[in-house]
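Participant: Provided herewith is a single structure, encoded as structure tokens, for subsequent inquiry.
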Amino acid sequence: MKNFFLSLLLTAAASCILQLFLPWWTTVLAAFAVAYYIKQNSLAAFLSAFVAVFLLWVVYAYLLSSANENILAIKVAELLKQLTKGSVTTIYLLTGLIGGLVSGFGALTGTLAAKLK
């Protein structure tokens, strides 16, 4: 359990720092590196990275969107009305889901790569 929370915090911190300077997909690199060095089973590695980046992206999307009164988020929700029913919250959750899945699979790959050595 200790490794889970340590992995969660390190993945969130590394992803946050990397995304300040590099593209969005660097969350995969952060999740891979953390999962490679912190020994966990595959499910725990996936979930820790998923939760870390899911929360990071949802909070970051909310902060960016609320700074401009959700103008863009409302328009995107309207464009994706079939999927979101016009809800801005659903846009935030979809954003987090995409980031969480990408980083979760990166962490899963890192854990499985560590088992190879």
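The values are calculated or read from the model by the stated rules, or taken from the named source; none is laboratory data. Here the structure is a predicted model, which is why all the values come from computation and not from measurement. No Cβ is skipped: glycine too gets one built from the backbone with ideal geometry, and neighbour counts run over all protein chains shown.
Participant: Can you find a residue in the stretch 60-76 that is modelled with pLDDT of 95 or more, aromatic (Phe, Trp, Tyr) and either surrounded by 13 or more Cβ atoms within 10 Å (Cβ to Cβ) or closer than 16 Å to ILE98 by Cβ (or both)? Break it down into steps so the answer makes sense when it comes.
Facilitator: Going through the stretch 60-76, the residues modelled with pLDDT of 95 or more turn out to be none.
No, there is no match, as no residue in the stretch 60-76 is modelled with pLDDT of 95 or more, aromatic (Phe, Trp, Tyr) and either surrounded by 13 or more Cβ atoms within 10 Å (Cβ to Cβ) or closer than 16 Å to ILE98 by Cβ (or both).
Participant: If you check ALA52, ALA77, ALA113, which single one turns out to be under 18 Å from PHE5 (Cα atoms), assigned to a helix (DSSP H, G or I) and of a type in the set (Gly, Ala, Ser)?
Facilitator: Details: ALA77 fails: under 18 Å from PHE5 (Cα atoms); ALA113 fails: under 18 Å from PHE5 (Cα atoms).
When all the criteria are applied, what remains is ALA52.
Participant: Kindly indicate which of LEU56, LEU97, LEU83 is touching a residue at least 12 places away in the same chain (Cβ under 8 Å) and touching a Ser or Thr at 6+ places or on another chain (Cβ under 9 Å).
Facilitator: Details: LEU97 fails: touching a Ser or Thr at 6+ places or on another chain (Cβ under 9 Å); LEU83 fails: touching a residue at least 12 places away in the same chain (Cβ under 8 Å).
Sole residue among the options that is touching a residue at least 12 places away in the same chain (Cβ under 8 Å) and touching a Ser or Thr at 6+ places or on another chain (Cβ under 9 Å): LEU56.
Participant: Next question, about the same structure. If you go through the stretch 85-117, how many residues are more than 20 Å from the chain's Cα centre (by Cα) and surrounded by 15 or more Cβ atoms within 10 Å (Cβ to Cβ)?
Facilitator: Keep residues of the stretch 85-117 that are more than 20 Å from the chain's Cα centre (by Cα), which gives 85-87, 113-117.
Then drop every residue that is not surrounded by 15 or more Cβ atoms within 10 Å (Cβ to Cβ), which leaves 87, 114.
The number of residues fulfilling the criteria is 2.
Participant: Another question, if that's okay. Working only within the stretch 20-49, note down all residues that are part of a helix (DSSP H, G or I), closer than 19 Å to LYS2 by Cα and not small (Gly, Ala, Ser).
Facilitator: Passing the criteria: PHE32, VAL34, TYR36, TYR37, LEU43, PHE46, LEU47.
Every residue, every condition in (1) modelled with pLDDT of 90 or more; (2) within 11 Å of SER103 (Cα to Cα), yes or no:
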position	(1), (2)
ILE17	yes, no
TRP25	yes, yes
LEU47	yes, yes
VAL88	no, no
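Participant: Moving to a separate point now. Looking only at the stretch 1-19, which residues are over 15 Å from LEU29 (Cβ atoms), surrounded by fewer than 20 Cβ atoms within 10 Å (Cβ to Cβ) and aliphatic (A, V, I, L, M)? Reasoning before the result, please.
Facilitator: The initial filter retains those residues of the stretch 1-19 that are over 15 Å from LEU29 (Cβ atoms), namely 1-6, 8-9.
Next cut, surrounded by fewer than 20 Cβ atoms within 10 Å (Cβ to Cβ) only: 1-6, 9.
MET1, LEU6, LEU9 - these are the residues of the stretch 1-19 that are over 15 Å from LEU29 (Cβ atoms), surrounded by fewer than 20 Cβ atoms within 10 Å (Cβ to Cβ) and aliphatic (A, V, I, L, M).
Participant: Given the structure, is LEU72 farther than 19 Å from ALA113 by Cα, within 10 Å of the chain's Cα centre (by Cα), of a type outside the set (Asp, Glu) and assigned to a helix (DSSP H, G or I)?
Facilitator: Numbers: farther than 19 Å from ALA113 by Cα: yes; within 10 Å of the chain's Cα centre (by Cα): no; of a type outside the set (Asp, Glu): yes; assigned to a helix (DSSP H, G or I): yes.
For LEU72, the condition - farther than 19 Å from ALA113 by Cα, within 10 Å of the chain's Cα centre (by Cα), of a type outside the set (Asp, Glu) and assigned to a helix (DSSP H, G or I) - is not met.
Participant: Next up: Just to be sure I understand, how many residues within the stretch 22-35 are touching a residue at least 24 places away in the same chain (Cβ under 8 Å) and either surrounded by fewer than 19 Cβ atoms within 10 Å (Cβ to Cβ) or among the acidic types (Asp, Glu) (or both)? Outline the logic, then answer.
Facilitator: Taking the stretch 22-35 and keeping what is touching a residue at least 24 places away in the same chain (Cβ under 8 Å), we get 24-25, 27-35.
Narrowing the set further to residues that are either surrounded by fewer than 19 Cβ atoms within 10 Å (Cβ to Cβ) or among the acidic types (Asp, Glu) (or both) leaves 24-25, 29, 33.
Residues that pass the stated criteria total 4.
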